[in-house]
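J.: Starting off with a structure, shown below.
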Amino acid sequence: MKKFLMLVAGFVFISAASAAPTGAFMQRVQDRFNAANTNHDGKLTLAEAQAGMPRVAQHFAEIDTAKKGYITFSQLSAFMAAKK
């Protein structure tokens, strides 16, 4: 029983540790999005993405599903989640 509890505790620790980088990673993505959004309107145009987030720019058409000419951070997050 003691070994089982130690095993479960190890899995919980590993799960918590592996979840932390995801939050930290998404915070870095948010920070980069905000830096690339030079006019601070909460939207990233293709030109802003090309200048500040080139990998996002490569997938801009896929992320901008509504074809509005800009993407929001929530659209980027949804795209990233779908690609996992």
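J.: Give the residue that is least open to solvent (accessible area, probe 1.4 Å), with candidates limited to residues of segment 31-67 that are part of a helix (DSSP H, G or I) and acidic (D, E).
T.: Step by step, filter segment 31-67, then rank; the result is E48.
J.: Scan segment 68-84 residue by residue and report those that are surrounded by 16 or more Cβ atoms within 10 Å (Cβ to Cβ) and more than 17 Å from H40 (Cβ to Cβ).
T.: Answer for segment 68-84, where residues must be surrounded by 16 or more Cβ atoms within 10 Å (Cβ to Cβ) and more than 17 Å from H40 (Cβ to Cβ): Q75, F79.
The values are calculated or read from the model by the stated rules, or taken from the named source; none is laboratory data. What you see is a predicted model; the values in this text were computed from it and never measured. Quick reminder, even Gly has a Cβ in these numbers, built from the backbone with ideal geometry, and neighbours come from all protein chains shown. Note: areas computed on protein heavy atoms with side chains; ligands, DNA, RNA excluded. Shrake-Rupley method; radii C 1.70, N 1.55, O 1.52, S 1.80 Å.
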